[in-house]
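Colleague: Before anything else, here's the structure in question.
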Amino acid sequence: CSPHRIYELTLLQFIRADVQAQLELAELHADHIADRLRLQRSLPSLVETKKELEQLSKRIGELETLGSSLYEDRLSGEITPEGFLSLSASADEERSEKQAIFDRLSETLAAAEQATQDVSVWIDSLRQYLSMEKPDRAMLDALIEKIEVGEREGSGKQRRQDIRITYR
């Protein structure tokens with residue numbers, strides 16, 4: 001592979017046009033982009049995770065109420081000490097399991113929400129880039145991971161050169 005050149009002004013014009021196209025696509029399909037990002041990071045959908053967290057929270061509350069009821073029943077003599085210990089241990093074990101799942105899903109939900117926020121931040125950085133009259137190096141570094149410049153083909157007005165931009 002040999003080095004290829006392109007004028008800075010030409011490259012900046014190309015980047016601006018590509019950023020404009022990316023922004024239009026991103027604004028039209030922000031939800032789809034966030035879903036793809038979640039899939040790449042192996043994260044479940046926000047709706048499903050929130051629904052499951054809600055169910056777990058409800059069950060944990062039920063188990064805590066059950067524990068209180070068992071204690072009251074034990075004090076009133078409605079259940080035997082052995083029955084209380086057995087039922088109490090069972091309820092505590094289930095509550096601990098549900099709490100561990102709840103904690104894990106809470107972390108997963110936070111990561112999935114972060115993926116959605118990352119898309120919003122990316123769209124905002126595209127807008128910021130377009131609002132700048134002459135983008136600076138820091139903005140380009142924050143927005144673009146790499147630029148691949150292909151070999152020139154043809155000559156004069158028929159000259160063509162491939163440029164591939166990889167965004168962060």
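The values are calculated or read from the model by the stated rules, or taken from the named source; none is laboratory data. None of the values given here were measured: they were computed from a predicted structure. FYI the Cβ positions are ideal-geometry reconstructions off the backbone, even for glycines, and counts take in every protein chain you see. The protein model used for the area step is the full one, side chains on, heavy atoms only, and it has no ligands, DNA or RNA in it. Shrake-Rupley method; radii C 1.70, N 1.55, O 1.52, S 1.80 Å.
Colleague: Please compute one quarter of the surface area of the Cα convex hull for segment 39-100 and express it in square nanometres.
Modeller: 4.6 nm²
Colleague: Distance in nm between label sites at Leu130 and Leu12, each 7 Å beyond Cα in the beta-carbon direction?
Modeller: Between Leu130 and Leu12, the label points sit 1.9 nm apart.
Colleague: What ranking of His29, His4 comes out by heavy-atom accessible area, probe 1.4 Å, highest first?
Modeller: My answer, sorted largest first, is His29, His4.
Colleague: Could you run the Karplus curve 6.51 cos²θ - 1.76 cosθ + 1.60 with θ = phi - 60° over segment 99-114 and give me ³J(HN,Hα) per residue in whole Hz, x for Gly and Pro?
Modeller: 5, 5, 5, 4, 4, 5, 5, 4, 5, 5, 4, 4, 5, 5, 5, 5
Colleague: In addition: Please give the helix 46-76 orientation as an angle from the longest Cα principal axis of the chain, in degrees from 0 to 90, rounded to the nearest 10.
Modeller: It is inclined by approximately 20 degrees.
Colleague: Percent of accessible area on the chain owned by carbon and sulfur, 1.4 Å probe?
Modeller: Percent of accessible area from carbon and sulfur atoms in the chain: 50.
Colleague: For His32 and Ala142, what is the calculated FRET efficiency with R₀ set at 25 Å and r taken between the beta-carbons, to the nearest 0.05?
Modeller: Between His32 and Ala142 the formula returns 0.60.
Colleague: Same structure, new question: Near the amide H of Ile79, under 5 Å away, which other amide H atoms are found, from residues 5 or more places off or on another chain, if H is placed in the peptide plane?
Modeller: So Ile79 has HN proximity to Arg74.
Colleague: Check which residues have an amide H placed less than 5 Å from Ile144's amide H, if you skip close sequence neighbours.
Modeller: Amide H to amide H, under 5 Å and 5 or more residues apart or across chains, Ile144 pairs with Arg168.
Colleague: Taking the chain as the region of interest, what is the percent of Cα-Cα pairs per 10 angstrom bin, listed from the shortest bin to the one with the maximum distance?
Modeller: Bin by bin from 0 Å, the calculated values are 8, 23, 18, 15, 11, 9, 7, 5, 2, 0.
Colleague: Which one of Thr49, Ser86, Ile101 has its Cα pushed farthest toward the positive end of the charge dipole of the chain, where Lys and Arg give +1 and Asp and Glu give -1 at the Cβ?
Modeller: Thr49
Colleague: Rounded to the nearest 20 debye, what is the charge dipole size of the chain about its Cα centre when +1 sits on each Lys and Arg Cβ and -1 on each Asp and Glu Cβ?
Modeller: The calculated dipole for the chain is roughly 1400 debye.
Colleague: Same structure, new question: Take Leu46 and Glu97, extend 7 Å from each Cα along the Cα→Cβ direction, and tell me the distance between the two endpoints in nm.
Modeller: 3.2 nm
Colleague: Count the lysine pairs in the chain whose Cα atoms sit under 20 Å apart, keeping only pairs 8 or more residues apart in sequence or on different chains. Intermediate results must be reported in sequence, preceding the final value.
Modeller: Details: Lys50/Lys58; Lys50/Lys98; Lys51/Lys98; Lys58/Lys98; Lys134/Lys146.
So the count works out to 5.
Colleague: With a 1.4 Å probe and all protein chains kept in place, how do Leu130, Leu87 rank by accessible area, largest first?
Modeller: Result of the area sort, largest leading: Leu87, Leu130.
Colleague: How much area per residue is accessible in the chain when the probe is 1.4 Å and only protein heavy atoms are counted (Å²)?
Modeller: Working: 12010 Å² over 168 residues.
Value returned for the chain: 71 Å² of accessible area per residue.
Colleague: Output ³J(HN,Hα) for segment 134-144: one whole-Hz value per residue in order, computed from phi by the Karplus curve 6.51 cos²θ - 1.76 cosθ + 1.60 with θ = phi - 60°, and x for Gly and Pro.
Modeller: 10, x, 8, 4, 4, 5, 5, 5, 6, 8, 10
Colleague: Can you send over the solvent-accessible area of Glu107, 1.4 Å probe, protein chains only, in Å² to the nearest 10?
Modeller: So the heavy atoms of Glu107 present about 130 Å² to solvent.
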